[in-house]
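The values are calculated or read from the model by the stated rules, or taken from the named source; none is laboratory data. Computed from a prediction, not measured in an experiment: that's the story for all the values here. Because the Cβ atoms are built from the backbone with ideal geometry, glycine has one as well, and the counts that use them run over all protein chains shown. With ligands, DNA and RNA removed, areas are computed over all heavy atoms of the protein, side chains included. Shrake-Rupley method; radii C 1.70, N 1.55, O 1.52, S 1.80 Å.
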Amino acid sequence: MESGSELIVGIDLGTTNSLVAISDALGPRVIPDEHGRRLVPSVVRFDDGHAVVGNEAKSTSLDFPNTTVNSVKRLMGRSAEDARDDLKFLSYRVAPGERGTARIVLPRKGGGERLVSPEEVSAEILRSLVRVARRVLGRAPAKAVITVPAYFDDAQRQATRTAGRLAGLDVVRLVPEPTAAALAYGIGLPRAGVKPGPRNVVVYDLGGGTFDVSVLRLTPDEGGEPFFFQVLSVGGDSHLGGDDIDHLLVDVMRREIAAQLGLDADRTLELPPQARRQLVSLAESLKVRLSSEQAAAAHIDLGDDRVYERTLTREELERLITPLVDRTIECCRRAMAAAERALGGEPISAVVLVGGVTRTPLVRRRVAEFFGMEPYTALDPDEVVALGAAVQAQILSGSRRDALLLDVIPLSLGIETAGGAVAKVIIRNSTVPARATEMFSTQADGQSSIRLTVYQGEREMAEHCRKLGEFHLRDIPPMPAGVPQVEVAFLVDANGVLNVSAHERRSGKRAGLQVVPNHGLSPEEVERIERDSLTHAREDMTRHRVVDLVANSRLDLKWIGERLERHRGVLEPAYAAELDAAIVALRAQIEQAQHDWTSVNPEEFARAKDALDRASVRLQEVSISASLRENPAL
Ligand code: AMP
């Protein structure tokens, strides 16, 4: 983002929210405001003389419907006539200005009105992003890359440039939003050593109010630019998004409340605007919760000791929104058909998800099903466009972004095991793409859920590694400890995106996680981590060994103890005593390790474990023949 005195930021100037991001040696990241908020609502309120932007304007929008301007992006570069279909969604008045262009009509306090252009409104949003950036970067950025929808025509692009200029920004490039999304994942960027071939990428963008799908081709270029992006086809629906899901839920609740109040269920219950607004925000929160939970409860006080209570399940939500998701898939089908000739039979190599609604599990499943591949979800779907704009800004400012895209994995990737050690699944310096699997099991009888925590680093203990994320494999049917077979697969693809999936073989249960391990890692940090691992190598290995010995010995003690109690009556007393002694010796090792692992001699510990394992062979035989007698059919 910076070369000499040049500072270029990436800006996603969105219909509902806007963001500013930068990219440097640490990779791209969104710049938060002083309260840590990363999204600035694209809402501007015009008080006489000055503009209020973002959260404050949004939260007071109901009180000032005529002077609060939202969704101004829908008016950019359009005539009042063109924008007619959108007007019913806007709370403010729009009138034709010069040459019929759309102007926003704002009432003045003292009477009369004034007209402002969509460019001026967008400029207020951009100014507010510049302030956010200045606070963190120490100076105001003078240049920006701004993203625009792929379908924006010349007039709409020109209007976006004008907005930038009004905000004092030199707009060095307008980048199509889907192109930015692909760039954020590094798709199509050349990496040290290898030149990628042309790639075809689909970007599925389902936001609050609009759905866009684009098919792109990325071609590595020999010229000045490291890549060449071409939009092969676009499709979508300018009035389809998360808001429609909220409205479906509001309708369900409104009908049920009407029924509960004894009103005709088919007649619509007219709600005062404030109550309707509350119902919409309740609906939105239910929708968001159901992306991570199986059920979510609503509780509304209807007055006179009446309460509306409702638990909504994910399944119910999925049934409700299936027609909406179907419509997006139909748009995908049409966009693919439109790109067919240009694709010339070449396959799609990646699908990228953008927009808050793509966190919905049903959306992810349906997209995966339609395109026959897992979509990219590792980056925050609300941020991915701004991050890509920042990557483009970094390239334009002359920093070598491609140097960051390595063809080897700089740090090992692994999973935390019992006791806090890390089992490395992919070893550092493996070339990308890389794939490896590892088997895991449960620690307790009847354990129905396993937490899988993914780490990056060279040290042996989780506490010394960098945590990348965690997920749960749930609904494992009850089985004794150690019996479930969980295959954990790590796949780092050509763009450095890590997919971790866990699969319990008997029940078929699956779960997974996607992250970009190198985000936020500087080359210096990689070096430091390597150095640390060398310094601590011996100590770390010992500790890892002790931790594994403790975990495995516990499982041994558990099953040997259970069988010993069951069959003690038929064992020769001398043999039982030998087992008892071996158990006591191993328990002592475990206790000592827990008290202070450095005081344990791992060789001695391993010998104690071996001694018990060897001694238990006879017990195992006794146990098997007893089961055969009890169950001759075996
Ligand atoms: P965007 O316009 O991309 O910011 O998307 C905003 C939309 O995403 C709104 O309708 C949000 O309610 C919706 N959204 C945000 N988070 C989630 C989530 N976890 N699950 C489902 N929808 C979400």
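Looking only at segment 5-46, count every residue that is over 17 Å from residue 69 (Cβ atoms) and not in a loop (DSSP other than H, G, I, E, B) and tell me the total.
Of the residues in that region, 17 qualify.
Give me a count of the residues in segment 562-596 that are open to solvent by less than 40 Å² (accessible area, probe 1.4 Å), assigned to a helix (DSSP H, G or I) and farther than 24 Å from residue 420 by Cβ.
Matching residues across segment 562-596 total 7.
So which of 91, 18, 23 is within 16 Å of the ligand (Cβ to nearest atom), surrounded by 14 or more Cβ atoms within 10 Å (Cβ to Cβ) and among the small types (Gly, Ala, Ser)?
18
How many residues are open to solvent by less than 40 Å² (accessible area, probe 1.4 Å), more than 15 Å from the ligand (Cβ to nearest atom) and outside any strand (DSSP E or B) if we restrict to segment 285-318?
0
Name the single residue that is modelled with the highest pLDDT among those in segment 210-234 being assigned to a loop (DSSP other than H, G, I, E, B) and surrounded by fewer than 21 Cβ atoms within 10 Å (Cβ to Cβ).
Looking at the filtered set, the residue picked out is 221.
Do we have any residue at all in segment 356-364 that's in the same structural domain as residue 230 (by TED's automatic domain parsing) and of a type in the set (Lys, Arg)?
yes
When residue 398 is evaluated against the numbered criteria (1) under 23 Å from the mean Cα position of the chain (by Cα); (2) surrounded by fewer than 22 Cβ atoms within 10 Å (Cβ to Cβ); (3) not in a helix (DSSP H, G or I), which criterion, by number, is the only one it fails?
Just one mismatch for residue 398, condition (1).
Consider only pairs whose beta carbons are under 6 Å apart and that are at least six residues apart or on different chains; among these, list those whose first residue lies in segment 336-362 and is away from the ligand (no atom under 16 Å from the Cβ) and whose second residue is basic (Lys, Arg).
349/199
(1) within 16 Å of the ligand (Cβ to nearest atom); (2) assigned by TED's automatic domain parsing to the domain that holds residue 232; (3) within 22 Å of residue 237 (Cα to Cα); (4) buried (at least 17 other Cβ atoms within 10 Å of the Cβ): which one isn't true of residue 371, the others all being true?
Condition (1) is where residue 371 drops out.
Restricting attention to segment 44-84, which residues are open to solvent by 80 Å² or more (accessible area, probe 1.4 Å) and touching a residue at least 12 places away in the same chain (Cβ under 8 Å)?
Within segment 44-84, 48, 58, 62, 64, 66, 81, 82 qualify.
So how many residues does segment 514-535 have that are open to solvent by 40 Å² or more (accessible area, probe 1.4 Å) and either assigned to a helix (DSSP H, G or I) or more than 18 Å from residue 408 (Cβ to Cβ) (or both)?
10
When you look at residue 390, is it of a type in the set (A, V, I, L, M), more than 21 Å from residue 233 (Cα to Cα) and modelled with pLDDT under 90, yes or no?
Answer is no for this residue.
Looking only at residues that are open to solvent by 40 Å² or more (accessible area, probe 1.4 Å) and at pLDDT 75 or above in segment 189-209, which one is farthest from the chain's Cα centre (by Cα)?
Selected residue: 198.
I need the full set of residues from segment 441-453 which are in contact (Cβ under 8 Å) with a residue 60 or more places away in the chain and under 14 Å from residue 512 (Cβ atoms), in order please.
Once the filter is applied, which keeps residues that are in contact (Cβ under 8 Å) with a residue 60 or more places away in the chain and under 14 Å from residue 512 (Cβ atoms), segment 441-453 yields only 452.
Across segment 451-477, what is the number of residues that are touching an Asp or Glu at 6+ places or on another chain (Cβ under 8 Å) and more than 28 Å from residue 538 (Cα to Cα)?
Within segment 451-477, residues that are touching an Asp or Glu at 6+ places or on another chain (Cβ under 8 Å) and more than 28 Å from residue 538 (Cα to Cα) number 3.
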